[in-house]
Structure formats: C-alpha cells, structure tokens
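Below is one structure, written out as structure tokens; comments come after it.
The values are calculated or read from the model by the stated rules, or taken from the named source; none is laboratory data. In this text, all values refer to a predicted model and were calculated from it rather than measured experimentally. Using ideal geometry, Cβ is built from the backbone for each residue, glycine included, and neighbour counts are taken over all protein chains shown. Please note that ligands, DNA and RNA were not included when accessible areas were found on the heavy atoms of the full protein model with its side chains. Shrake-Rupley method; radii C 1.70, N 1.55, O 1.52, S 1.80 Å.
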Amino acid sequence: DTAVSQTPKYLVTQMGNDKSIKCEQNLGHDTMYWYKQDSKKFLKIMFSYNNKELIINETVPNRFSPKSPDKAHLNLHINSLELGDSAVYFCASSLYRGDTEAFFGQGTRLTVV
Amino acid sequence: KQEVTQIPAALSVPEGENLVLNCSFTDSAIYNLQWFRQDPGKGLTSLLLIQSSQREQTSGRLNASLDKSSGRSTLYIAASQPGDSATYLCAVMAGSEKLVFGKGTKLTVNP
C-alpha cells in the first residue's frame, strides 16, 4: 500500500499548456505539502495545507494553484506552463502541523518543451 | 531565515567503512530534524526523525545525532554497503512549519 501517491509519475507537455498533478495520502494525516526539486536537486516548499486550509504559500507564481477537496487529497494545477517549470514535484504529508515526520510521494517529473 | 548546509556534497567510500555525514542549520529554534534518502529518479524515504528535545535516534546501522545549541546534526552509517549508495538529505522543521532542506550528500559505496 502506497502511503503517499502521486499521478502522473512523468509529464511532458508544451509551453502554454495547463496541467494537473494529483496527490493522495492514505495515512490519515491532517497536513499535506507540495515541494519542488529543481535541476540542481534543491528541494523547496511551495504550499502547505492543513485540513483543507492553505497554511503556506511560498511566493509561488499565481499560475500554480493547489486544491484540497478533502484532507486526503492535495492536487496541483499549473496554468500557462513555462520552460522554467520543468522540475520534479513532490507531494508530502504529516500527521499534523509542525512537529511530526513527513512522508513523501515518489515525485512527478514535469518536462515543459 | 533558516539555512541548512550539508558537507560534504559527495562522498565515495569502500564497502565496509563507517562514515559520517554532516548537517548544519543557522537557526536553532527547530521542532525537529529529519534525515532522508533519495535514490536516483525516486522519491524521498524517511530514515530518522529527531525531535528537538532528543539527542539521537538509531535505526539499524544508522545513528543520527542532534546538537541544537550548535546547530549541527550528524548521520553515522556503520559498515557501509553498496546498497547505501544514494543522496542523503537533511531537513529541519521550524516555526514556519515547513521543512527546509540542505542540498544533500551524494554517497557512493564501492564494492
């Protein structure tokens, strides 16, 4: 059983397109995150949600819009994709805010051509 | 602003060697520190979580220590194996409630 699962695993798309990445966790956690790993392998937070409520928005362009239909799901929609959006996007979850262990999904490798 | 630094950036050792990976952070006001492993093209696997009140955690051949006052953590790997080859990431959770990552140490264990 995969604890944090993301789909798709790979995504290749043209500039200007709109795409979505889905994330689901079956751990019963309250808090979910999106992280971005750039070409230099550096991981940085994008968003954090707690019980469907946005907690952290780390100066991400408005083209990125997270949506949490329930606390087990956190999807990421990206409008008007740009070349610089190419990266690996990781979803993660933790039991609650702050002081708990984070569990990560396998990542979605987005390539914009 | 919290910054996490990992030294060395890359490490190559022969199989069987004991090794230490280093992590330092600039703001000692952390909730916890977590060590992850990342295999090429794969996600992150949590290895050890040390709460701010703890000094160390152990799991099998891995031992992680935390010295909050000096802003340092070490990950000790005993009797390294080729299967330990991966990138090891250190991350701290602070009052901002987000994990701040270092850039990782790429470990290669040669048979």
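Structure notes:
- Condition met for A:PHE90 (buried (at least 18 other Cβ atoms within 10 Å of the Cβ) and either in a loop (DSSP other than H, G, I, E, B) or more than 10 Å from the chain's Cα centre (by Cα) (or both)): no
- Odd one out for A:THR2 among (1) away from every other protein chain (no Cβ under 12 Å); (2) within 21 Å of B:LEU99 (Cβ to Cβ); (3) assigned to a loop (DSSP other than H, G, I, E, B); (4) not basic (Lys, Arg): (1)
- Taking the criterion of being in a loop (DSSP other than H, G, I, E, B) and either crowded, with 16+ Cβ neighbours inside 10 Å or small (Gly, Ala, Ser) (or both), the residues of region B:45-60 that qualify are B:SER52, B:SER53, B:GLY60.
- Hey, B:ALA79 farther than 30 Å from A:LYS9 by Cα and outside any strand (DSSP E or B) or not: yes
- When restricted to residues that are away from every other protein chain (no Cβ under 14 Å), of a type in the set (A, V, I, L, M), over 11 Å from the mean Cα position of the chain (by Cα) and under 30 Å from A:VAL113 (Cβ atoms), region A:63-87 contains 2.
- Single condition A:ASN17 does not satisfy, out of (1) exposed (fewer than 14 other Cβ atoms within 10 Å of the Cβ); (2) of a type outside the set (A, V, I, L, M); (3) part of a strand (DSSP E or B): (3)
- The set of residues from region B:90-111 being more than 7 Å from chain A (Cβ to nearest Cβ) and under 13 Å from the mean Cα position of the chain (by Cα) comprises B:CYS90, B:ALA91, B:VAL92, B:VAL100, B:GLY102, B:THR105, B:LYS106, B:LEU107.
- Selection from region A:31-81 of residues that are under 22 Å from B:PHE36 (Cα atoms), modelled with pLDDT of 95 or more and surrounded by fewer than 18 Cβ atoms within 10 Å (Cβ to Cβ): none
- Of all residues in region B:67-78 being among the small types (Gly, Ala, Ser) and open to solvent by 50 Å² or more (accessible area, probe 1.4 Å), the one that is nearest to the other protein chains (Cβ to nearest Cβ): B:SER69
- A:SER65 within 19 Å of A:THR13 (Cα to Cα) and small (Gly, Ala, Ser): yes
- Count of residues meeting criterion [assigned to a strand (DSSP E or B) and open to solvent by 10 Å² or more (accessible area, probe 1.4 Å)] in region B:95-108: 3
- For region B:1-44, the candidate set comprises residues that are free of Cβ contacts under 8 Å to residues at least 12 places away in the same chain and open to solvent by less than 70 Å² (accessible area, probe 1.4 Å); within that set, the residue that is nearest to the other protein chains (Cβ to nearest Cβ) is B:GLY43.
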